[in-house]
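What follows is a single structure, written as structure tokens, with notes after it.
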Amino acid sequence: MIKFGPSGNSDSFYEQGYKSSSQMPAWLAGMGLDAYEYSCTKGVNVGEATATEIGRQAKDNNIFLSIHAPYYINMASEEEEKRENSKRYILETLRAAKWMDAKRIVVHTGSCSKVGRETALKYALQILQETLELSDAAGYGDVHICPEVLGKHNQLGTIEEVLEMCKVDERIIPTIDFGHVHARGLGRLNSEEDFAAVIDIIENSIGKERTRNIHCHFSRIEFSKGGEKRHWNFSDRQYGPEFEHLAPILVKRKMEPVIICESRGMMAEDALEMKRLYLQAKEKYE
């Protein structure tokens, strides 16, 4: 089944008096959502006890868990030390995922501004392979690593580059951030056909079956000539892309991704709106 949820905690969660992320699963279930991406973007600072409690609450409330790894990971760095550190950061995230019983971790691959894209990709592929070997040795091999399509031109993370990373191992799942695709393409996604073209690229690279279960991020996004500037909410209609264009494709192609909303401060509310639009499309096309 397709699952919807937020990245991190909405402003309204705290405004209602909640304080701990361990309270999020029950709060999300009460809204009618079924996924939650825990944020470790500034570092893996969650302890085993807290992670275990989040996992227990998620299981009790039928919430699918993923974790976003630290932003400062750079598998594509020209500096060997930074590439080696990236392996450690990913392994720390995988360890937290095991504590939490999270099934996926989302990883930024890094910047390619100081080396050519070809060299950057070669570095990233090597680090990813080595990280998988370390992960298996540590007992984390059942947690999927999900490299993300990134939104800025100077970052390693086009759709094609991410899909190349997915060929390292069949367990690797692409994180297709449609906001980032839109920003990187300077407003690329404006119709159902535009979204279908992206899904076609994925299917042609990793096959229809793996494509059915991809990891997704979605939000409206502001961009400049360099790509992504900032994320916005669904109410900020001056920015794209529109989830209404993606929902019919998910239904028609019988896809079952996890879709995580990254709206600013309203990620749970906008995730619920995405679920509503998806169910509306499902009623129309099935």
Legend entry - Which listed residue, of G185, G207, is open to solvent by less than 40 Å² (accessible area, probe 1.4 Å) and over 26 Å from H144 (Cα atoms): G185
Inset, instruction - Scan (1) hydrophobic (A, V, I, L, M, F, W, C); (2) part of a strand (DSSP E or B); (3) more than 14 Å from D34 (Cα to Cα); (4) open to solvent by less than 70 Å² (accessible area, probe 1.4 Å) for the single condition F223 breaks and write down its number. - result: (4)
Legend entry - Hits in region 249-269 - residues which are in a loop (DSSP other than H, G, I, E, B) and not small (G, A, S): R253, K254, M255, E256, P257, E262, R264, M266
Inset, instruction - Could you tell me whether region 117-138 includes any residue that is part of a helix (DSSP H, G or I), at negative phi and of a type in the set (K, R)? - result: yes
Inset, instruction - Answer yes or no: is there a residue in region 201-222 that is farther than 30 Å from V143 by Cα and touching a strand residue (DSSP E or B) at 6+ places or on another chain (Cβ under 7 Å). - result: yes
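The rows are residues; the columns are (1) of a type in the set (S, T, N, Q); (2) farther than 22 Å from T175 by Cα; (3) within 14 Å of the chain's Cα centre (by Cα); (4) at pLDDT 95 or above.
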| position | (1), (2), (3), (4) |
| --- | --- |
| N45 | yes, yes, no, yes |
| A49 | no, yes, no, yes |
| F64 | no, no, yes, yes |
| Y71 | no, no, yes, yes |
| K82 | no, yes, no, yes |
| L94 | no, no, no, yes |
| A97 | no, no, no, yes |
| V107 | no, no, yes, yes |
| G116 | no, yes, no, no |
Legend entry - Unique residue being open to solvent by less than 40 Å² (accessible area, probe 1.4 Å), touching a residue at least 40 places away in the same chain (Cβ under 8 Å) and of a type in the set (S, T, Y) when the list is T158, T109: T109
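The values are calculated or read from the model by the stated rules, or taken from the named source; none is laboratory data. Because the structure is a prediction, the values reported are computed rather than measured. No Cβ is skipped: glycine too gets one built from the backbone with ideal geometry, and neighbour counts run over all protein chains shown. Accessible surface areas use protein heavy atoms only, side chains included; no ligands, DNA or RNA. Shrake-Rupley method; radii C 1.70, N 1.55, O 1.52, S 1.80 Å.
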